[in-house]
Every structure is written in structure tokens, then in C-alpha cells.
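Participant: Before I ask anything, here is the structure I am working with.
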Amino acid sequence: MPKIKIEGGHQLTGTITVSGAKNSVVALIPAAILCDEKVKISNVPNITDVNDLENILDHLNATTVRKDGTIEINSSDIINKEITYELSKKLRASYYFMGALLGRFKKVDMYFPGGCAIGARPINLHLKGFELLGAKITEEDNHFIIEADKLKGNNIYLDFPSVGATINIMLAAVKAKGKTIIDNAAQEPEIVNIATFLNNMGAKIKGAGTSTITIIGVKYLHSCFHEVIPDRIEAGTYLIIGALLGKKLKIANMIPNHLEALIAKLTEAGVDMEIGIDNIIINEVKDYKAVDIKTLVYPGFATDLQQVMATFLTQCKGKSLIEETIYENRFQNLLRLEKMGAEFKIAPDNRIAVIKGKAKLKGTYVDATDLRGGASLLVAGLIAEGETTIDNISYILRGYDQIIEKLTEVGAKIEII
Ligand code: UD1
């Protein structure tokens, strides 16, 4: 099994260019099958989640051509059949085929999706939305058949502004008859990116990026060209790395507005950043002070940055408090950081952790338990004294495009062994 080996303590200088957003592209690819013609998507990151989605398209007889960061998808000859357990389980975002196939064929047959084990992650809100659009759901042992005679627009209130449910309901509603209104919708930038893609194909979606999204169903969706937005979680990860090791390190091709909560917290800790229109330069600072963070839906502090931020907080002087409000099981990385010398306490409900800094981290063997937890260990390895070996790195490679190459380019000593 490949592992990541890091020799810690090297300063980083130069430019890291951020890739296309994982959480956008993993919805754009399934959304493409709603198109009655060919679509082309650019700024596609080279991550294994994209390969897994391509395998699902291939299984459904849709063709894909991927070259130089673009993917062309032609689903004119698509065959609607069961997406097998193995394919469904490969990743969380396989669930977007529920909305997309339901929208196109009024029927979908697949299994409960996979994804990182960071909490229960039910899909009840997605299913409630499909039912309100007129679908009937049969579920047995995590195998779902969702079908409708016809899909009809409706008013759908989400009990929680779920990213997945908001996108999935949009996908099912774009070709439904009449008007759908999603209230208490998630407002993440990725949702705006998906809505823009669908609108470029001829869909009629208004309000994406606010808590009320209105969709007027259309009959036909035509060919279009679309670009994936920069990955705000990848950009945030590199900002944190820059805060710890950067010497005039530039994070390029990012949208600072998408990271307001992180930037505010880093600034509060004492990080020195020059914020440009599409880049941030991080200057060297020796000492940081503790800050508290609470994960929230967008535009709050992203749960996907909480674990990497935890590594940063081990280097801040004083006690920092992390409150994780989105997932029930997102502190597994702390137990690995402890092996490296971090000091912390986790409350019995597993929702609050207090980190005591500044800790001297030492390289050792650790295993990644999930994507962002793996990134948290990787950042720890970069600042630790000595050598760190990270196991289970497939988690990290699911979501970070060319992370080894990008870090090597700016001076890190990191390799896959
Ligand atoms: C997406 C992102 C993930 C990110 C998360 C929150 C993708 C592929 N993944 O995940 O990286 O961490 O948003 O920003 O884009 N919930 C329910 N019922 C549902 C749906 C969700 O109770 O039907 C709960 C979940 O258990 C969780 C919370 O809502 O506690 C957030 O989930 P959601 O926003 O749906 O996250 P995902 O779409 O799974």
C-alpha cells in the first residue's frame, strides 16, 4: 500500500495554484447526464472521486473524454440501469445520480452512497424532496428504487440546509413540470456553480446562493461549456500550511470571498496575509495566539476545514476551542495528532475539543481515517520534527489534486512511497 513520507520543518516559498473544486465537479458530472446533448467542463481536478464518477458514467453507457483538465460528457446513448453496490459505495457524491437519473428517466436504481465515516450522514432530506416532486421510494437493505410517473414542481422546505439535498432536489426539479421552490436551501458556492451549469444548458433556476431557490421546469437541456470554480477547501488547506511554514507563499487561483470565515480566524490568530482579488500571499510570522472556532453551514466556518485548522491550533499559544456542529465523528485526526505530540481534550459528546498550544510535534507513523483528517495529519507532518509516514492515503488523494507535486514545488520534502 502506498504511503506518504514527509520530512518536516522546511519553509515554503513560491506559488501554489488551486485546482477546481471537488465538491463542485462531483455534482457537475452527474448533472451532465440531464443534458440531451454533449457538455464540456473545464478546470476538472485530477482526483480519484472524478475517476469513480467516470466509472459510473461508463457503466451507464455514457461516454467521457478527459484531457488536460477538461471532461467532455456525451450521454445521448445512456442506458438507465442499476448502479451497482460497488459503484454506489465508492464515494458520497454517487448520490447525485439519484436526482439526475430521476430527472432524466423518472427512475433510478442504486445503493446508499459511500464517503468518509465522519458521522451518520443520512439522506432523508434528499428522499423527502424527491417524494414531494412525486416520486415513490422503495428501500431495502440500502438499495433504493426511486420512480415517478411524472415529476411535478412543489414547495420543499429543508429541515437543515443540506448541500447534497439542495443539489439533488435541483437536479430532479429542472425537468419537472411547473415550479419548485426549495426553502432553507444550502448557500455554498458549489450550489451556485451547479445552478449556473444547469442554467447554461437552458434550465430556469433563480436564487442559488440564497436560502430560497426557485426552479421552473423545462423540457430540453442543450449543450454547453462550463468551468469548475476553485476549490475553497483546498485553498484553505494551503492557506493554513502557508501560515505555518510560508515565507511569501502565494496561493493563486482562489476566491478569497469564499473563505471569509477562515480568513477572519487566521487574522485573529495573527496570520499576516496580503489578500488580492484571486490570490493571497502569506508572510512569515513566528507566534500565533489561540482562537476558538465553531463549524457552521456556509458562510460560517466550513466543517471541511475544521480538522486542518486543528493542526494549526496546536501551534497557537493558549487554549483554542473547536465546536463541530455539522458531524458527530470529526475528531478522529486528534487521536493521531496526539501520537505526534499534540495536547487536547474532547468532550464526551464528541462535539467540542480544546487544543492546548503550542505543542512540539514529532514525526511518527500515523494513519488517515478520512479525507480532511488525512490532510490534517499531512499538515502536521510538514511542521513536525523528523519523519512522518502517513498510511491510508487513498483518502487524501480522493480530494487533493497533485498535492505532492504542488508542495514539492514550493520546497516541501514529501513523497509517495
Ligand atoms: C457536503 C460535502 C462535504 C461537506 C458537507 C458540509 C459533497 C460531496 N460533500 O456533504 O464535503 O462536509 O457538504 O459542508 O459536496 N443531513 C441529514 N439528512 C440529509 C442530508 C444531510 O440529516 O438528508 C445532515 C448530515 O448528517 C450532516 C448535515 O446534514 O450532519 C450536513 O450534511 P450535508 O450538507 O448534506 O453534507 P453532504 O452533502 O453529505
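The values are calculated or read from the model by the stated rules, or taken from the named source; none is laboratory data. Treat the numbers as computed from the prediction; the structure is a model and nothing was measured. Neighbour counts run over all protein chains shown; Cβ positions are idealised from the backbone, glycine included. The area values use the complete protein model at the heavy-atom level, side chains included, leaving out ligands, DNA and RNA. Shrake-Rupley method; radii C 1.70, N 1.55, O 1.52, S 1.80 Å.
Participant: Mind listing just one residue for me: the one in the range 18-51 that is surrounded by fewer than 23 Cβ atoms within 10 Å (Cβ to Cβ) and of a type in the set (S, T, N, Q) and, of those, farthest from ALA235 (Cα to Cα)?
Facilitator: In this case the residue turns out to be ASN51.
Participant: Take the range 251-266 and flag every residue that is over 15 Å from ILE229 (Cβ atoms) and open to solvent by 80 Å² or more (accessible area, probe 1.4 Å).
Facilitator: Result: GLU260, single match.
Participant: Count, please, the residues in the range 99-117 that happen to be hydrophobic (A, V, I, L, M, F, W, C) and within 11 Å of the ligand (Cβ to nearest atom). Spell out the reasoning first.
Facilitator: First, pick out the residues of the range 99-117 that are hydrophobic (A, V, I, L, M, F, W, C): 100-102, 105, 108, 110, 112, 116-117.
Still in the list and also within 11 Å of the ligand (Cβ to nearest atom): 116.
Counting residues in the range 99-117 that are hydrophobic (A, V, I, L, M, F, W, C) and within 11 Å of the ligand (Cβ to nearest atom) gives 1.
Participant: Among the residues in the range 319-337, are any closer than 20 Å to ALA117 by Cα, more than 16 Å from the ligand (Cβ to nearest atom), outside any loop (DSSP other than H, G, I, E, B) and out of contact with any Leu (no Cβ under 8 Å at 6 or more places or on another chain)?
Facilitator: As a first pass, look at the range 319-337 and keep what is closer than 20 Å to ALA117 by Cα: 322-337.
If we keep only those that are more than 16 Å from the ligand (Cβ to nearest atom) as well, we get 334-337.
Remaining after also requiring outside any loop (DSSP other than H, G, I, E, B): 334-337.
Those still in the list that are out of contact with any Leu (no Cβ under 8 Å at 6 or more places or on another chain) too: 334-335.
Yes - at least one qualifying residue is present in the range 319-337.
Participant: For PHE160, indicate whether it is away from the ligand (no atom under 16 Å from the Cβ), touching a helix residue (DSSP H, G or I) at 6+ places or on another chain (Cβ under 8 Å), open to solvent by 40 Å² or more (accessible area, probe 1.4 Å) and at pLDDT 95 or above.
Facilitator: Working: away from the ligand (no atom under 16 Å from the Cβ): no; touching a helix residue (DSSP H, G or I) at 6+ places or on another chain (Cβ under 8 Å): yes; open to solvent by 40 Å² or more (accessible area, probe 1.4 Å): yes; at pLDDT 95 or above: yes.
No; evaluated as a whole, the condition is false for this residue.
Participant: Residues that are part of a loop (DSSP other than H, G, I, E, B), open to solvent by less than 10 Å² (accessible area, probe 1.4 Å) and under 15 Å from ILE4 (Cα atoms): does the range 347-367 have at least one?
Facilitator: So far as the range 347-367 goes, no, none of its residues is part of a loop (DSSP other than H, G, I, E, B), open to solvent by less than 10 Å² (accessible area, probe 1.4 Å) and under 15 Å from ILE4 (Cα atoms).
Participant: If I filter the range 73-110 down to residues being part of a strand (DSSP E or B), open to solvent by 10 Å² or more (accessible area, probe 1.4 Å) and not acidic (Asp, Glu), which single residue comes out as nearest to ALA165 (Cα to Cα)?
Facilitator: So in the range 73-110, the residues part of a strand (DSSP E or B) come out as 73-74, 107-110.
Of the ones still in play, those that are also open to solvent by 10 Å² or more (accessible area, probe 1.4 Å) are 74, 107, 109.
With not acidic (Asp, Glu) added as a condition, the list becomes 74, 107.
Working: ASN74: 25, LYS107: 17 Å.
Once the filter is applied, the top-ranked residue is LYS107.
Participant: Being within 15 Å of the ligand (Cβ to nearest atom), in contact (Cβ under 8 Å) with a residue 40 or more places away in the chain and in a helix (DSSP H, G or I), is that true of even one residue in the range 241-258? Don't jump to the end; show me each part of the working.
Facilitator: Kept after step one, since they are within 15 Å of the ligand (Cβ to nearest atom), are these residues of the range 241-258: 258.
Filter once more, so that each one left must be in contact (Cβ under 8 Å) with a residue 40 or more places away in the chain: 258.
Imposing the further condition that a residue be in a helix (DSSP H, G or I) reduces the set to 258.
There is at least one residue in the range 241-258 that is within 15 Å of the ligand (Cβ to nearest atom), in contact (Cβ under 8 Å) with a residue 40 or more places away in the chain and in a helix (DSSP H, G or I).
Participant: Scan the range 187-200 for residues that are crowded, with 23+ Cβ neighbours inside 10 Å and either of a type in the set (Asp, Glu) or outside any helix (DSSP H, G or I) (or both) and jot them down. Outline the logic, then answer.
Facilitator: Going residue by residue through the range 187-200, those that are crowded, with 23+ Cβ neighbours inside 10 Å are 188, 190-191, 193-195, 197-198.
If the condition is that a residue be crowded, with 23+ Cβ neighbours inside 10 Å and either of a type in the set (Asp, Glu) or outside any helix (DSSP H, G or I) (or both), then GLU188, GLU190 are the ones that fit.
Participant: Which condition from (1) polar (S, T, N, Q); (2) open to solvent by 30 Å² or more (accessible area, probe 1.4 Å); (3) within 21 Å of GLU188 (Cα to Cα) is the one that THR15 breaks?
Facilitator: The failed condition is (3).
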